[in-house]
Amino acid sequence: MSAGTYFPGRGTFVEESYLAGQAEGQAEGQALGQAAGQAESILRLLEGRGVAVSVEVAERVRGCGEREVLTRWFDRAITAETAEAIFEADERGSEASGEA
């Protein structure tokens, strides 16, 4: 007697739901991995250029999961004189729009 746990290839609702959840989880994990890699690239770039990176800056960069933001920070890290400078335009934009 079967408990109904076998579903591969049957196209059941349970199978489709399982596979959709699995694909969503893989995509989410891949995006997180890419963001983490991008964050590490920013920190390596700054350190490779001889720019001192504080613990606070490293935590903020590693804690960001938004790839667009990380891309902006990477572009700024190419010429930034200080590690904190990669955030400056974002912070000025927040102040101008009334955010704190």
Every residue in the stretch 1-60 that is at pLDDT 95 or above and among the acidic types (Asp, Glu), please. GLU40, GLU47, GLU56, GLU59
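Of all the residues that make up the stretch 65-91, how many are part of a loop (DSSP other than H, G, I, E, B), touching a residue at least 12 places away in the same chain (Cβ under 8 Å) and surrounded by fewer than 16 Cβ atoms within 10 Å (Cβ to Cβ)? Give the derivation first.
Of the stretch 65-91, the ones part of a loop (DSSP other than H, G, I, E, B) are 65-66, 78-82, 87.
From what is left, the residues that are touching a residue at least 12 places away in the same chain (Cβ under 8 Å) are 65-66, 78, 80-82, 87.
Applying the additional criterion that residues be surrounded by fewer than 16 Cβ atoms within 10 Å (Cβ to Cβ) yields 65-66, 78, 81-82.
Residues in the stretch 65-91 being part of a loop (DSSP other than H, G, I, E, B), touching a residue at least 12 places away in the same chain (Cβ under 8 Å) and surrounded by fewer than 16 Cβ atoms within 10 Å (Cβ to Cβ): 5 in total.
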Subset of the stretch 53-64 (residues that are in contact with a Leu (Cβ under 8 Å, 6 or more places away or on another chain) and either loosely packed, with under 14 Cβ neighbours inside 10 Å or in a loop (DSSP other than H, G, I, E, B) (or both)): VAL53, CYS64
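The values are calculated or read from the model by the stated rules, or taken from the named source; none is laboratory data. Quick caveat: nothing in here was measured; it's all calculated off a predicted structure. Cβ coordinates were reconstructed from backbone atoms using ideal geometry, including for glycine residues, and neighbour counts include every protein chain displayed.
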